[in-house]
Amino acid sequence: MTTTYDRGAPAPAKMDQGRRGSHALRWWVLAVLGVAQLMVVLDATVVNIALPAAQRDLGFSDGDRQWVVTGYALAFGSLLLLGGRLSDLFGRRNTFIIGLIGFAGASAVGGAATSFEMLVGARVGQGVFGALLAPAALSLLTVTFTEPGERAKAFGIFGAVAGAGGAIGLLLGGMLTEWANWRWVMFVNLAFAAVALVGAVLLLAKHVTTERPKLDIPGTIVVTAALFGIVYGFSHAESTSWTNPVTLGFLIGGAVLLAVFAWLETRVAHPLLPLRIVLDRTRGGSFLTVFVMGIGMFAIFLFLTYYMQLSMGYSPIKTGLAFLPMVAAMIASSTTVPSLLLPKVGPKIVVAGGFLIAAAGMAWLTQIGLDTGYASHILPALILMGLGLGGAMSTAFQGATAGVHHEDAGVASAMINTSQQVGGSIGTALLSTIAASAATNYLSTRTPDPLTIAQSAVQSYTTSFWWATAIFVAGAVITAVLMPNTVPAPSEGEPVIVH
């Protein structure tokens, strides 16, 4: 028999027993949510290393190759807000389970792909179901951990998974491609999804609601089109130019539609994104933190991967292993800063300080050359960036859902994922364009022999690292000005289920 109690009601004896009995289960819930989040985050990078092998197998062109990555980013980025609101309306558990099953199904199709079109369709499917899954996972975490001490630890662990997932994806992609087959970068999701699905069915409480769900249809259509335009515009800029008519059309159109969406949300009775969620300074500062991180972090994963493989001659597996110190540093800071530093110095200091530490690490990377070593130039930089980004990321994930009502937890969670995804799209396009220009400028005054061409590549990487350094410093200044220095309040909890 299942009995439902409201978390805000007086706690009878049976409820106390249920809470004591479910205390340990909350950490198992965190494990389930962490596995799902890892699957979604690493899928943004795990395919990158496998792309050349997939291209040889399926016979598609270099020009088509970007769509394997862009298809996922477009569907995921443009549908996140809708996915977050659906989890609020129809139940986080239901949305989470549907997202898991759909993501696994799309991954199976991608692994079995016999054509380029089938592979891209599977990647789009992964993005669609990922947009359901990611906000549901974070909102489930938000309403599961409401006690400050536990909340800090839980968000620290979840933030570490979200931050380190990209690097783990590079390592996993290299291992599976080199030791098995490129198709396993898709099939491996079935294992992740199976573990998370069993845990979700066994551990997550069923959704109970007395209200009929309502969806903001005009807002959903407008913001989905706006995010699609922005993500596609930046992706198109990477492969063409910033002045390309298609690039400008999608970017300007996306920006205009975002303004229309903001206006609509002040007029409708049941907005998709209530503006109270983003206008709160703690939450708004947290969204900006993750957005700026998304821009800069792609410089680490993208250009440092190029440098280690093309300039230093590392294999895909060795490249992935080289990122592990950053992952370790990120996990260390994500799991300690929220519980040890955040209550003492506040989020403003933690986030701004994290950005500055990450900026120092990024600036260290600007000193690389054709003959520099891993231990002297890459390792210290990765550790600094891991420490800085881990602490700031976990604090931002906690702040992004601070004080939200449980009916808004899903869309607030979607905003943090949207910020990261759009920031990543902007970072990839912006820094790729800057890097290409730097290489061209370097070669324009020199004879293009093999040494000069190799040096021009390093010049492109260091230029992008300098820009990423400036972006992190700007992030420190913006959050120091915008974010209040009060510890984020927990959000409302959901009903406790006692079995």
Considering only the stretch 358-372, I want to know if a residue exists there that is modelled with pLDDT of 85 or more, closer than 23 Å to I453 by Cβ, touching a helix residue (DSSP H, G or I) at 6+ places or on another chain (Cβ under 7 Å) and among the hydroxyl-bearing types (S, T, Y).
yes
Matching residues, the stretch 431-451, being within 16 Å of Y306 (Cβ to Cβ) and among the aliphatic types (A, V, I, L, M):
L431, I434, A435, A436, A438, A439
Quick test for you: out of L288, L302, pick the one residue that is open to solvent by less than 40 Å² (accessible area, probe 1.4 Å), of a type outside the set (F, W, Y) and not assigned by the TED database to the domain that holds E178.
L302
Check on F192, aromatic (F, W, Y) and assigned by the TED database to the domain that holds A31:
yes
Residue pairs qualifying under the 8 Å Cβ cut-off, at least six apart or on distinct chains, with the first in the stretch 461-483 being in the same structural domain as G361 (by the TED database) and farther than 15 Å from L389 by Cα and the second being of a type in the set (K, R) and buried (at least 17 other Cβ atoms within 10 Å of the Cβ), are A480/K348; M483/K348
Pairs under 6 Å by beta carbon, first residue outside the structural domain of I434 (by the TED database) and within 25 Å of A436 (Cβ to Cβ) in the stretch 236-264, partner assigned to a helix (DSSP H, G or I) and of a type in the set (F, W, Y), six or more apart or different chains?
F250/Y232
The helices (runs of 4 or more DSSP H) lying wholly within the stretch 225-334 that contain at least 1 residues that are among the basic types (K, R), at pLDDT below 90 and within 18 Å of the chain's Cα centre (by Cα) are 281-306
Report the residue count in the stretch 28-64 for those that are more than 18 Å from T114 (Cα to Cα) and either within 20 Å of the chain's Cα centre (by Cα) or modelled with pLDDT of 85 or more (or both).
21
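Could you list, in sequence order, the residues of the stretch 103-123 that are assigned to a helix (DSSP H, G or I) and buried (at least 19 other Cβ atoms within 10 Å of the Cβ)? Full working, then the answer.
In the first step, residues of the stretch 103-123 are kept if they are assigned to a helix (DSSP H, G or I); the result is 103-111, 116-123.
Passing the criteria: F103, A104, A106, S107, G110, G111, L119, V120, A122, R123.
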For the stretch 132-150, indicate whether the set of residues that are under 12 Å from G34 (Cα atoms), surrounded by fewer than 24 Cβ atoms within 10 Å (Cβ to Cβ) and within 21 Å of the chain's Cα centre (by Cα) is non-empty.
no
Name the residues in the stretch 417-458 that are of a type in the set (A, V, I, L, M), under 31 Å from the mean Cα position of the chain (by Cα) and open to solvent by 40 Å² or more (accessible area, probe 1.4 Å), would you?
L430, A436
Could you say whether any residue in the stretch 153-168 is open to solvent by 10 Å² or more (accessible area, probe 1.4 Å), over 15 Å from the mean Cα position of the chain (by Cα) and within 25 Å of V404 (Cα to Cα)?
yes
Residue count, the stretch 255-283, condition open to solvent by 30 Å² or more (accessible area, probe 1.4 Å) and of a type outside the set (A, V, I, L, M, F, W, C), comes to 6
Just to be sure I understand the filter: pairs with C-beta atoms under 7 Å, separated by 6 or more residues or on different chains, first member in the stretch 200-219 and at pLDDT below 85, second member among the hydroxyl-bearing types (S, T, Y). Which pairs pass?
V208/T4
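Taking helices (runs of 4 or more DSSP H) that do not extend beyond the stretch 340-459, which have at least 3 residues that are within 29 Å of P135 (Cβ to Cβ) and of a type outside the set (K, R)? Spell out how you get there, then give the answer.
Details: elements: 342-345, 347-365, 379-400, 409-444.
In the stretch 340-459, the matching helices (runs of 4 or more DSSP H) lie at 347-365, 379-400, 409-444.
The values are calculated or read from the model by the stated rules, or taken from the named source; none is laboratory data. The model shown is predicted, which means the values in this text are computed figures rather than measured ones. Using ideal geometry, Cβ is built from the backbone for each residue, glycine included, and neighbour counts are taken over all protein chains shown. Please note that ligands, DNA and RNA were not included when accessible areas were found on the heavy atoms of the full protein model with its side chains. Shrake-Rupley method; radii C 1.70, N 1.55, O 1.52, S 1.80 Å.
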